[in-house]
Every structure is written in structure tokens, then in C-alpha cells.
Amino acid sequence: MSDFDHLDGAQSSRGFKRMPPIPSEYGGDVHVYESSGATAPAIWLTATAPADLNNRDGAQVEAPLHLTADNAWRLAEQLMTLVANHYQGDARPDRRAADLTGESA
């Protein structure tokens, strides 16, 4: 398995890219996929998690979010900033496909 398999998206039957899910530590996952919105580029982000975090095998809840490309980019920047500047130290993986540039916030 490659360090970058999470970037190998698959085309849907309608031709939109869907990325592999990223697992959550408490059960569930998050995944992103291209939106068919015709007005501007956008993505869907869907988070699935146990309704009761103490019962990973119980009922699941799902939250689909539709993000403009600008807001999707902002979310990616927030995630990278928090990981790079974590209170326990820089937690970025040694092998990564993307990185922050310039000064962090």
C-alpha cells in the first residue's frame, strides 16, 4: 500500500471524482467528492460517525456538507495548520503530498 493511496480517487458513474474514505479514530469516516453543481467548482464532504461515540458498532449518523472550492481550500489550510502547529508539537507525517507554505497562522 502506498503512502498516497488516499489520493487515488475513483470516477463515479457520472464522471465525478470520489476520494477514498479517511477513517475516524472513534468509528466512522470522512470522505470528499466532486460536486455536480454547475454554477462553480464545489465539493461534498461527508462525515459519518457513531451516534453514540461509546458504541462504535451502534447506529451511525451522517453529515453531508457542500463546500465551495474556496471554502474547501480554507478547510484544508485549517487542517494543515492545526497539525503542523499542534500543542504537542509538529505532527505532520514524514511522507506527505502537500504542505504549508510560508508562515503559519
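Using the structure shown, decide if Asp3 is touching a residue at least 60 places away in the same chain (Cβ under 8 Å) and not aliphatic (A, V, I, L, M). Yes; evaluated as a whole, the condition is true for this residue. Selection of first residues in the stretch 37-54 that are without any contact (Cβ under 8 Å) to a residue 12 or more places away in the chain and of second residues that are open to solvent by 40 Å² or more (accessible area, probe 1.4 Å), restricted to Cβ pairs under 8 Å at least 6 apart or on distinct chains, gives the following pairs, ordered by first then second residue: Ala51/Ala59; Ala51/Gln60; Ala51/Val61; Asp52/Ala59. Of the residues making up the stretch 74-97, one or more are over 23 Å from Tyr26 (Cβ atoms), open to solvent by less than 80 Å² (accessible area, probe 1.4 Å) and touching a helix residue (DSSP H, G or I) at 6+ places or on another chain (Cβ under 7 Å). Selection of the stretch 27-68 for residues being under 25 Å from Gly15 (Cβ atoms), modelled with pLDDT under 95 and exposed (fewer than 13 other Cβ atoms within 10 Å of the Cβ) yields Ser36, Gly37, Ala38, Thr39, Ala40, Pro41.
Among the residues of the stretch 29-58, the one identified as in contact with a Lys or Arg (Cβ under 7 Å, 6 or more places away or on another chain) and farther than 22 Å from Arg18 by Cα is Pro50.
For the stretch 70-99, the set of residues classified as modelled with pLDDT under 90 and closer than 30 Å to Thr39 by Cβ consists of Ala97, Ala98, listed by residue number.
A count restricted to the stretch 37-77 and to residues that are basic (Lys, Arg) and assigned to a loop (DSSP other than H, G, I, E, B) stands at 1.
The values are calculated or read from the model by the stated rules, or taken from the named source; none is laboratory data. It should be emphasised that the depicted structure is a prediction, and the values quoted were computed from it without experimental measurement. Positions of Cβ are backbone-derived with ideal geometry, glycine not excepted, and every protein chain shown enters the neighbour counts. Areas reflect the complete protein model, heavy atoms only, side chains present, ligands, DNA and RNA absent. Shrake-Rupley method; radii C 1.70, N 1.55, O 1.52, S 1.80 Å.
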